[in-house]
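Contents: one structure, followed by commentary.
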Amino acid sequence: MSNPLIDMEKPDVIFCIGTNMTECHPVAATGLKKAIAHGSRMIVADPRKIPLARLAQLYLPIRVGSDVALLLGMAHVIAREGLVDRQFMDSRTSGGDEFIEHVKPFTPEWAAEITGVPAKDIETAAIWYGSAEQGAIYYTLGITEHICGVDNVQSLCNLALMTGNIGREGTGVNPMRGQNNIQGAGDCGAVPSHFPGFQSCAEPENARKFSEAYGTEIDAEKGITKVTALNQCGDQIRALLIDGENTVVSDPEREHCEHALKSLDHLVVIDIFLTETGELADVVLPATSWGETDGVCANTERRVQRLRAAVPPAGQAKPDWWIVSQIAQRIGTPGFEYESAKDIFNELCGLSPIYAGLDWDRIDQGEYQWPVPDKDHPGTPILHVREFKNGRGLFKILGYRDPAEVIDDDFPVWLTTGRRLQSYHTRTQTGRSQGIDYLLSEELLEVHPHDVASWGLVDGGQCHLSSRRGKIMAKIKATDQSPRGTVFCSFSFNDTPVNILTGSGYDPVTETAELKVCAVRVEPA
Amino acid sequence: MALLSNSDIIEHWKSAAAPLLPVLHAFHDRDGHLSEDALRAVSDGLGIPIAELFGSVTFYHHFAREAGGRDAPRVCTGNICALRGAHELLDALRSEGATPMPCAGRCDQPIPVLRGDKVFVGLTADSLAHGPTPLPPRYPGDGEECVFSAIREPGRATLPGYRNSGGYEGLEKLIKSGSPGETIELVNESKLAGRGGAGFPTGRKWQAVADAEGESKFIVCNADEGEPGCFKDRAIMDHDPHAVLEGMIIAGYACGAGQGFIYLRYEYPETFAGLERAIADADAAGLLGENILGSGFSFRIDVRRGAGAYICGEEGSLLNSLEGKHPFPRNRPPFPVTHGYNQQPTAVNNVETLASVPHIARRGAAWYCALGIGDQAGTKLISLSGDIERPGNYEVPLGLPLQTLLNDWAGGAPHGREIQAVTMAGLSGGFLAGADLNVTLDEPSIRSCGSFLGAGGVIVFDDSRDMVKAARDAMEFFAHESCGKCFPCRIGTQRLTERLAGEAGPASLADWKTEVEDIGSTMRATSACGLGVAAPMITDSLMKYFPDKVEKHVQT
Amino acid sequence: MIVDATQGRALRMTLDGEEVRFSDGETIYEVATRQHTPIPTLCYDPRLEPFGGCRMCVVEVEGARTPVASCTTPATAGMVVRTKNVALEKHRKTLLELVVSENREVDVDPLRGYASQEVATLVDEYGARTGRFQGQRSGTSNETDDNPFIKRDYDLCISCYRCVRVCAEQEGDHAIAVMNRGFQTQITTEFNGRLKDSACTFCGQCVQTCPTGALGDIKAMRAEPLPGELKKTRTICPYCGVGCSVDLLTKGERLVGVQPAMDGPANKGALCIKGQFAFDFVHHEERLKTPLVRGDDGELHEASWDEALDRAADGFRRAREEHGRYSIYGVASGRAPHEAAYTMQKFIRAGFGTNYIDNCSRA
Ligand SMILES: Cc1cc2nc3c(=O)[nH]c(=O)nc-3n(C[C@H](O)[C@H](O)[C@H](O)COP(=O)(O)O)c2cc1C
Ligand code: SF4
Ligand code: SF4
Ligand code: SF4
Ligand code: FES
């Protein structure tokens, strides 16, 4: 997030798009609810009438995958109505004039045609956001899990840049990170493009720095993504080390994924339970879980916080770092003689400029948000205050593209997927916590009541759900949370494996799968 | 007429001011109760969380949640009616689904029974009759009346009748040749103080509203009249409704308000109809609405009906109730004059206070001041009921000896009995008895006896009455009406009731008294609103005047 | 612009005989707390709008006829306040005696909730177990709600409405409300039904603010009979990216419950159902307790760490030898701590010189 969580109570106009925040980031959503209670206005764009939409003063029920069109239409209105923050654009950004020229043809009527949202609502949304004192954008995977995920994010940045809604309290473009330490995984360099601290792998200087630190020659070139790696399993990729991920259930194109893992020579899985993925491994190594592990994590607002062990490990379980270090040592890699999590974190701080001012003791109370470039630095709750990372904020010229797969006669229904409040991911943890079943014991395919009737289905009955990639059974729940012609299901339950159906396409830049859109057929079972 | 649909009702009220109460009443009237379906529709339509709406609906005594409940008879079992056989009448009507209700504000008449939109009175099931509110008895004093001075004029309740007897002249004078500032000055000079209980100087209240910053300002006429033994406000509203409207318009003009509300207790359905009629007539005559009398000043009035909760007469509760919130009293400060309806500056005034204003406007501050006796300025309506020969509403000059009212004006206790005790301020002032019956009717005199005049309800108990039982009935009322917000009152009224009823409490007199005194002292010192502060006056005065009866009660 | 006459000048008042400064908008209670002058409260939760229900916080203000509730009364310049004297302490004791008289029990296990000891602590401090003011008890426990998380033991409720207010003001769910009035007051849901059928999201905030334990954490309460001292360890919720701070409750070697950290930088005492109630997977019987290695029979078998680690290392070594360093790939976790992600990427980069590492952010 560009801004801290505490800022969520402050904007006068809130724009949420592609985020089911009350279910996926419930405590963050309480900030928005407070803002609304104190008079802020909220716009929610989402294909489904999620709980957040019911709290909003303006709800834009966009067709799945049409975000860019909506955002271009809004940019058009903001420019047309003279709501552009000229001073901000002139002093802080570049490419603005071209962008404003570019959006001229994208009228709200044009956007209405694609998104299905009435043009006047698009106008209202644009005018509200464009005239906000403090306008803040929040988004989650509803923006990124598309073939145009990068374009979606860029479109949001364009809106913030043209209205100067960034770099100040209560504003910003704020992705809500889904997993407790997904931010940390990136911070620590567990990505093919960056060393720890988001230092680019393609930068020879960085490669040199890490080669030196690690005592090995490291490529000054990006690696491949996990998606590509899975595609190459059995060919180029022969051995895989997976830490704490149930790839088989959480990733799209399940059959393809299972096949990929099976064709490896060597699969090692570190986890706290024997997951569906672990079942395919050659070696499964038991890790200590949360509550048993000392360590560090970073939340969605870049806050670096301490995890502490409260109980001894289950059986012989060991911390992930210990396990990985042991394997490293056994293949003869130097530099893994760690004795504690503290040693490792302090090594990270020494190599990462955004953590340079931190160490194990300083993060004890969790008061720092990175970047913290030196020991005298108080941390950075708000990013881009005086300047952007690379100087000026760049507008991106982009256009609307259809999703990888659109509905047709064979597959006439949109399927979109996501999470639910009571379950987390593949339920390895929530599913094993007592009581959760009381609220959510099975997966339900959410279908609009009229569709239930006209497709010959029964509320509570079973249906066949098929896409170009496969077919599953699902139980039906009639709800007006789904719009007509679009159905929803979460990926939490292994017995309703929607990831057999998804995976129609990937964003060309990030290779994120388009989990939010796929064309399906729904038939009575 | 076809029944209105859920959405018809919601749409009709949605953008009105203070919509919740009228929407609930519309469903209540349509269906005969408030169904789950209706409440869900209201919750969606007005954006009130359903749990909160449900909770608040249960707060009000008269919202029925079972089919047919609205029209089932409600029998007043208030303190005076209880003396007249209300419980027997209730039993007689049980087969029709009758339930009890606290004092319904008709203590000068036989027992009132509320059925839907009509109130019947009678002592037995077959003698129940529907009739008009009695006019105040002919003025027995040798001074002059103010509020009641024209109320007996024929047709006074109609607009022409009102205008024939000087109505709206005061408003016209102030609006055409005065100014808001002068209006407030006039009221200040008259020394008019609140007649609803607290006695705050009216001119100062208006000044505070006029001075406060706000987007819009409001006048609220407090017509909740929930205090047992009080029925004066209904007499004014039924026989002189335009005086209330004129008073409100003048208040609006003085304070710079554009909207007024009359918050009317549920038990006065006929009064509701009368007020609506008067407002429509005044509207049509250009006395309300846009650009009143061509002055550029605009003001509208809406009547909102309560639903049975004494605490809604407390101004903070009243405002919460109007706003559709749970009707707990509000913390003070801030006061309504700066943070009232919708947190905007608001003058909350009693019916009687407002109805005095047109007379003051017409006849001058000096005239009004001089109506009082000695240092006292003006008059006060007293609702007199109980064991008294001629119950009714009397307008007394402030400073009149209580005994003069009781004996000379109202004929003393009937059947040749002696007056044993009276209550003050309805029930809120506790009892006066013995030598303290020699007070004069004004705050300084009554307060020197540890009580207060308040809204002016006086209930008389003759020497045949069981005063412990009277105290218990009174405390039961407070316990029934305690809103439950603050600890001392919520638990204290219950504990005091139990002790007066002999249901719980120490067996030793000394312990009993210490407990009752300790509870009372903490209630007085720490309660969050006037209800909890006032309730222990019942036990205090009981122990003060009737120690022997208390002793007997504890011992048996 | 209108400049407030008080601006610029420091605002001062007298608190227990000492002159203290305060800022505009502060209540007497806030000023006193800042001055380390304790004032007892029951209906107060610093995160909520002051309510003024319990009246424990009354103080004497010079010039006022009766004591005022310090939690709701703004401090004003020149105010002279006394927070303690014989009369105030007597009222506080009476209030507590009244509270004791309306409840089935005062002493509850601290496992019920974060604030569950507040009443008992004050009652002891004031010696209010005198048995005075006997009479009917208020509140009726809800025996029909079958939810496995929140005990609704309203026999112990003192009608402070902290639960109702926290649900509305902090959580924004408005799932619970106050029903009836006076002594009949009862905490309820829509149509007095189950929490499951209401807007409740089982975030547990009501449980944690309840000062009596009337609302109890059912999952934690299962550990009441366990021997041993209750310990708290501060950590971060293992689920979403908000990063709520929690205190883990342990008895011996067992994790028995979770309480929100009221001073957690990201959550200020708030949690959701996952952070509050989904903790016991840690002790689930299906936890992996030993390494597993696939045998010649194609099945996974328990193995010693040495054996398993050697086997794991062997596979990577062999892949590098046979297929080169680009044949090895690492997937780090978005759920494990920094140290896991860091060692994972270092394992790939230092071990094979490639950037063949990713994490699960894309799923
Ligand atoms: C428990 C309680 C009940 C009250 N009921 C009434 C009432 O029914 N009518 C009324 O005018 N004032 C009532 N009051 C007084 C009001 O709070 C308020 O002081 C009054 O309406 C102000 O109007 P006034 O200044 O004209 O008297 C009540 C006060 C309390 C504490
Ligand atoms: S004194 Fe009684 S009526 Fe007034 S706020 Fe307290 S509980 Fe409610
Ligand atoms: S349940 Fe607890 S928090 Fe709620 S009102 Fe009762 S005592 Fe207070
Ligand atoms: S308690 Fe809920 S909102 Fe907070 S971090 Fe955990 S999952 Fe996220
Ligand atoms: S803390 Fe002030 S009244 Fe409860």
Quiz prompt | Filtered residue count, the stretch B:226-257, keeping only those that are touching a strand residue (DSSP E or B) at 6+ places or on another chain (Cβ under 6 Å) and assigned to a loop (DSSP other than H, G, I, E, B) | solution = 5
Practice problem: Mind listing whichever residues of the stretch A:1-29 are among the polar types (S, T, N, Q), open to solvent by less than 10 Å² (accessible area, probe 1.4 Å) and within 12 Å of chain C (Cβ to nearest Cβ)? | Solution: A:THR19
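So that you can scan it fast, the table gives a plain yes or no per residue for (1) in the same structural domain as B:PRO327 (by TED's automatic domain parsing); (2) in contact with a helix residue (DSSP H, G or I) (Cβ under 7 Å, 6 or more places away or on another chain); (3) open to solvent by less than 10 Å² (accessible area, probe 1.4 Å); (4) more than 16 Å from ligand 2 (Cβ to nearest atom):
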position: B:PHE478; (1), (2), (3), (4): no, yes, yes, no
position: B:SER482; (1), (2), (3), (4): no, yes, yes, no
position: B:ILE491; (1), (2), (3), (4): no, yes, yes, no
position: B:ARG495; (1), (2), (3), (4): no, yes, yes, no
position: B:ASP511; (1), (2), (3), (4): no, no, no, yes
position: B:GLY520; (1), (2), (3), (4): no, yes, yes, no
position: B:ARG524; (1), (2), (3), (4): no, yes, no, no
position: B:GLY530; (1), (2), (3), (4): no, no, no, no
position: B:PRO536; (1), (2), (3), (4): no, yes, yes, no
Quiz prompt | C:ASN267 vs. criteria facing another protein chain (nearest Cβ under 7 Å) and either modelled with pLDDT under 95 or buried (at least 20 other Cβ atoms within 10 Å of the Cβ) (or both) | solution = yes
Exercise. Considering every residue within the stretch B:255-264, establish whether at least one is surrounded by fewer than 18 Cβ atoms within 10 Å (Cβ to Cβ) and more than 16 Å from ligand 3 (Cβ to nearest atom).
Key: yes
Quiz item: Of everything in the stretch C:157-214 that's among the hydroxyl-bearing types (Ser, Thr, Tyr) and farther than 22 Å from C:VAL106 by Cβ, which residue is nearest to ligand 4 (Cβ to nearest atom)?
Solution: C:THR201
Quiz item: How many residues does the stretch B:419-451 contain that are closer than 26 Å to B:GLU476 by Cβ, without any contact (Cβ under 8 Å) to a residue 60 or more places away in the chain and in a loop (DSSP other than H, G, I, E, B)?
Solution: 2
Quiz item: Hey, does the stretch C:295-314 have a residue that's at the interface with chain A (Cβ under 7 Å from one of its Cβ atoms), of a type in the set (Ser, Thr, Tyr) and open to solvent by 10 Å² or more (accessible area, probe 1.4 Å)?
Solution: no
Exercise. Search the stretch A:202-220 for residues that are at the interface with chain C (Cβ under 9 Å from one of its Cβ atoms) and without any contact (Cβ under 8 Å) to a residue 24 or more places away in the chain and pair each with any residue that is assigned to a loop (DSSP other than H, G, I, E, B) and surrounded by fewer than 13 Cβ atoms within 10 Å (Cβ to Cβ) when their beta-carbon atoms are under 6 Å apart and the residues are at least 6 apart or on different chains.
Key: A:SER211/A:GLU217
Practice problem: May I ask you to say which residue of A:ARG168, A:ARG177, A:ARG208 is basic (Lys, Arg) and buried (at least 24 other Cβ atoms within 10 Å of the Cβ)? | Solution: A:ARG177
Practice problem: Looking only at the stretch C:315-353, count how many residues are buried (at least 24 other Cβ atoms within 10 Å of the Cβ), more than 7 Å from chain A (Cβ to nearest Cβ) and in contact with a helix residue (DSSP H, G or I) (Cβ under 8 Å, 6 or more places away or on another chain). | Solution: 1
Exercise. Test A:ALA202 against the criterion of being more than 30 Å from A:ARG419 (Cβ to Cβ), touching a Lys or Arg at 6+ places or on another chain (Cβ under 7 Å) and open to solvent by 50 Å² or more (accessible area, probe 1.4 Å), and give yes or no.
Key: yes
Quiz item: Inside the stretch B:478-520, can you point out the residues that are acidic (Asp, Glu) and either within 16 Å of ligand 5 (Cβ to nearest atom) or part of a helix (DSSP H, G or I) (or both)?
Solution: B:GLU481, B:GLU498, B:ASP511, B:GLU515, B:GLU517, B:ASP518
Quiz item: For C:PRO227, all conditions in the list (1) part of a loop (DSSP other than H, G, I, E, B); (2) in contact with a strand residue (DSSP E or B) (Cβ under 8 Å, 6 or more places away or on another chain); (3) open to solvent by 10 Å² or more (accessible area, probe 1.4 Å); (4) at the interface with another protein chain (Cβ under 7 Å from one of its Cβ atoms) hold save one; what is the number of the exception?
Solution: (4)
Quiz item: Within the stretch B:294-313, can one find any residue that is within 14 Å of another protein chain (Cβ to nearest Cβ), open to solvent by 10 Å² or more (accessible area, probe 1.4 Å), in contact with a helix residue (DSSP H, G or I) (Cβ under 9 Å, 6 or more places away or on another chain) and more than 16 Å from ligand 2 (Cβ to nearest atom)?
Solution: no
Exercise. Could you list, in sequence order, all residues of the stretch C:230-248 that are crowded, with 24+ Cβ neighbours inside 10 Å and touching a residue at least 40 places away in the same chain (Cβ under 8 Å)?
Key: C:PRO238
Quiz prompt | Condition met for C:ALA278 (away from ligand 1 (no atom under 16 Å from the Cβ), at the interface with another protein chain (Cβ under 10 Å from one of its Cβ atoms) and modelled with pLDDT under 95) | solution = yes
Practice problem: Taking C:PRO74 as the residue in question, decide whether it is in the same structural domain as C:ALA10 (by TED's automatic domain parsing), open to solvent by 10 Å² or more (accessible area, probe 1.4 Å), in contact with a strand residue (DSSP E or B) (Cβ under 6 Å, 6 or more places away or on another chain) and within 16 Å of ligand 2 (Cβ to nearest atom). | Solution: no
Practice problem: Give me a count of the residues in the stretch C:1-58 that are open to solvent by less than 30 Å² (accessible area, probe 1.4 Å) and at pLDDT below 95. | Solution: 1
Quiz prompt | Every residue from the stretch C:239-259 that is within 9 Å of chain A (Cβ to nearest Cβ) and touching a helix residue (DSSP H, G or I) at 6+ places or on another chain (Cβ under 8 Å) | solution = C:TYR239, C:CYS240, C:GLY241, C:VAL242, C:CYS244, C:LEU249, C:ARG254, C:LEU255
Practice problem: Search the stretch B:326-357 for residues being open to solvent by less than 10 Å² (accessible area, probe 1.4 Å) and in a helix (DSSP H, G or I), and hand back the single one that is nearest to B:GLY258 (Cα to Cα). | Solution: B:LEU354
Exercise. Taking B:VAL460 as the residue in question, decide whether it is more than 9 Å from chain C (Cβ to nearest Cβ), away from ligand 1 (no atom under 16 Å from the Cβ), open to solvent by less than 10 Å² (accessible area, probe 1.4 Å) and not in a helix (DSSP H, G or I).
Key: yes
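Okay, residues lined up against (1) farther than 26 Å from A:VAL153 by Cβ; (2) more than 22 Å from the chain's Cα centre (by Cα); (3) surrounded by fewer than 21 Cβ atoms within 10 Å (Cβ to Cβ); (4) modelled with pLDDT under 90:
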position: A:TRP370; (1), (2), (3), (4): no, no, no, no
position: A:GLU387; (1), (2), (3), (4): no, yes, yes, yes
position: A:GLU405; (1), (2), (3), (4): no, no, no, yes
position: A:THR428; (1), (2), (3), (4): yes, no, no, yes
position: A:GLN462; (1), (2), (3), (4): yes, yes, yes, no
position: A:ARG468; (1), (2), (3), (4): yes, yes, yes, no
Exercise. Might you check whether a residue that is more than 14 Å from chain C (Cβ to nearest Cβ) and closer than 26 Å to B:CYS449 by Cα occurs anywhere in the stretch B:333-341?
Key: no
Quiz item: Within the stretch A:30-39, which residues are more than 20 Å from the chain's Cα centre (by Cα) and crowded, with 22+ Cβ neighbours inside 10 Å?
Solution: A:LYS33, A:ALA35
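The values are calculated or read from the model by the stated rules, or taken from the named source; none is laboratory data. Here the structure is a predicted model, which means the values were calculated and not measured. FYI the Cβ positions are ideal-geometry reconstructions off the backbone, even for glycines, and counts take in every protein chain you see. Side chains included, ligands, DNA and RNA excluded: accessible areas come from the protein's heavy atoms. Shrake-Rupley method; radii C 1.70, N 1.55, O 1.52, S 1.80 Å.
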